[in-house]
Amino acid sequence: MLRRMRQLLLLSAGGFKTVIGGQALIEGIMMLGPDKKSVVVRKPDGELEVKTEPRRLLKDKYPFVGLPLIRGVVNFCSSMYNGVTALMYSAEFYPEDEAVEEEPSKFEKWLDEKLGNEKFTSLIVTVSMLLGMLFSVFLFFLLPTALGGLTLRLLPGFPLWGRNLVEGAFRVVIFLGYLILCSRLKDIHRTFQYHGAEHKTIFCYEAGLPLTVENVRAQPKHHPRCGTSFLFVVIVVSILLSSLVFSFIHVENTFARMGMHLLMLPLIVAITYEINRYVGGHEGAVCRLVRAPGMAIQRWTTFEPDDTMIEVGIKAFTEVLPQEAGADKW
C-alpha cells in the first residue's frame, strides 16, 4: 500500500489520463486496469468483499484484434461480458427474497450436470449479455426505425430524406427518456451513486492526489470518458452514418431499413470507439465540444456518493494499479 501511495504522489497534478476505468454494480464497483480486474462489493453486514483477478486480453493472443476499428467491437463485447459477470456477482449478495429459496428447475439441473458449475455460469452470463444487447439494439435502433416508418404512413407526403431526421429524433428521445426513467428508480439511483464514486476516484488519481475519502469527495462526479458518453456518441454516429448511407441507398421498407441498421451496427461501434479514444486522450476546443453532450447527460446517470461508496471506489481502484509506475497511462 505504501508503494502505491508513493506512486500516486510522484504523478504530477493533472498531467496524465489513466486507462483504468470501471462500472457501478449493486452496492459495489468493478475496476478494469491494464492487467487486473477487481470487483468490490459492500455486503449487507457492512464488510467489503474483494475479488481481484488477472485480465486475459484477447489482443495478447490475437494481435490483429488490437487494430483500429477491429478493437472497438472486440473491446465493446469484452466490456459487456465483464460488466454482466460483475453485475451478477454483486447481485448474489443481495437476493430479492432471502426467505424463499427457489428449487432449481429440471432444465437448470440438466445444464449444471452436463456443463459443470463454471461452464454453466459462463453460459448464463453469455446469454444475459446477448439478451441485454438485443434489448438495447431493439430499443435504440429497431424501434426508432419502426416509428419512422409509422410516421411515413401517417404523413403520406412526408419526404423520404426527412425520415432519417425523424428516426434520429426518436433515437435521441428514447435514449434520454430511458436514462431519466432509470435515474428515478430507487435502487438504480443508488447504483448511480456508486457510478459517481467510480468517477471521483479516477479523477483523484489523475490529479496525483493520495486516494483518501476527503480527496476523492472533492472531485467532480462527471467524467469525460464515461460509458454513458460512449453510448450517446453511438447514437449520434448512427444518425450521421444512417443519413449518409440512406442518402445513396433509398430504402423505404421498414424491415429492410432495420436490416441495414443491424449491418451498420459493428461499424458504428468501431467508429465510436475510435472517436472516444481520441477525444478521451486529448484536449482542445473540438474534443471538449464532442465530449459536452455526454458530460451533460451524466446528470441522470451519476450522483453524489456517500463516504462508504467512496471507500468501495478507492479499494477497487487500488487493487488494479499496475506494478510499474505509468503503465496505466492513456
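The values are calculated or read from the model by the stated rules, or taken from the named source; none is laboratory data. Nothing here was measured: the structure is a model prediction, and the numbers come from that model. Neighbour counts are summed over all protein chains in view; Cβ atoms, including those assigned to glycine, are modelled from backbone coordinates with ideal geometry. Please note that ligands, DNA and RNA were not included when accessible areas were found on the heavy atoms of the full protein model with its side chains. Shrake-Rupley method; radii C 1.70, N 1.55, O 1.52, S 1.80 Å.
Residue-by-condition table, conditions (1) under 20 Å from the mean Cα position of the chain (by Cα); (2) surrounded by 14 or more Cβ atoms within 10 Å (Cβ to Cβ); (3) part of a loop (DSSP other than H, G, I, E, B):
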position	(1), (2), (3)
GLY22	yes, yes, no
MET31	yes, yes, no
PRO34	yes, yes, yes
SER38	yes, yes, no
PRO44	no, no, yes
VAL50	no, yes, no
ARG56	yes, no, yes
ASP60	no, no, no
PHE64	no, no, no
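Taken residue by residue, the range 223-233 has at least one member that is open to solvent by 50 Å² or more (accessible area, probe 1.4 Å) and either touching a residue at least 60 places away in the same chain (Cβ under 8 Å) or part of a helix (DSSP H, G or I) (or both).
Just to be sure, is THR254 at pLDDT below 95, open to solvent by less than 40 Å² (accessible area, probe 1.4 Å), more than 24 Å from PHE303 (Cα to Cα) and under 15 Å from the mean Cα position of the chain (by Cα)? Spelling it out, it is not the case that THR254 is at pLDDT below 95, open to solvent by less than 40 Å² (accessible area, probe 1.4 Å), more than 24 Å from PHE303 (Cα to Cα) and under 15 Å from the mean Cα position of the chain (by Cα). When each of TYR89, TYR94 is tested for being over 30 Å from ILE235 (Cα atoms) and either buried (at least 17 other Cβ atoms within 10 Å of the Cβ) or at pLDDT 70 or above (or both), the lone residue that passes is TYR94.
When the range 195-222 is filtered for residues that are open to solvent by less than 50 Å² (accessible area, probe 1.4 Å), of a type in the set (A, V, I, L, M, F, W, C) and over 20 Å from the mean Cα position of the chain (by Cα), the ones remaining, listed by number, are CYS204, ALA207, LEU211, VAL213, VAL216.
You will find that of ILE297, ILE275, ILE271, ILE310, the residue that is over 30 Å from LEU155 (Cα atoms), β-branched (Val, Ile, Thr), part of a helix (DSSP H, G or I) and over 17 Å from the mean Cα position of the chain (by Cα) is ILE310 and no other. Within the range 234-251, being open to solvent by less than 70 Å² (accessible area, probe 1.4 Å) and either modelled with pLDDT of 90 or more or of a type outside the set (Ser, Thr, Tyr) (or both) holds for VAL234, ILE235, VAL236, VAL237, SER238, ILE239, LEU241, SER242, VAL245, PHE246, VAL251. Of all residues in the range 40-62, those that are within 30 Å of VAL73 (Cα to Cα) have Cβ atoms under 6 Å from Cβ atoms of residues that are open to solvent by 60 Å² or more (accessible area, probe 1.4 Å) and among the acidic types (Asp, Glu), 6 or more apart or on another chain, in ARG55/ASP35. Every condition in (1) within 23 Å of LEU32 (Cα to Cα); (2) out of contact with any strand residue (DSSP E or B) (no Cβ under 9 Å at 6 or more places or on another chain) is met by LEU263 except one, and the failing one is (1). So is LEU263 touching a residue at least 24 places away in the same chain (Cβ under 8 Å), among the aliphatic types (A, V, I, L, M) and either in contact with a helix residue (DSSP H, G or I) (Cβ under 6 Å, 6 or more places away or on another chain) or at negative phi (or both) or not? Spelling it out, it is not the case that LEU263 is touching a residue at least 24 places away in the same chain (Cβ under 8 Å), among the aliphatic types (A, V, I, L, M) and either in contact with a helix residue (DSSP H, G or I) (Cβ under 6 Å, 6 or more places away or on another chain) or at negative phi (or both).
Screening ASP306 with (1) out of contact with any Phe, Trp or Tyr (no Cβ under 8 Å at 6 or more places or on another chain); (2) within 23 Å of LEU134 (Cα to Cα) gives one miss only, at (2). For the residues LEU160, LEU179, the requirement of being closer than 29 Å to LEU267 by Cα, of a type in the set (A, V, I, L, M), surrounded by fewer than 22 Cβ atoms within 10 Å (Cβ to Cβ) and over 19 Å from the mean Cα position of the chain (by Cα) singles out LEU160.
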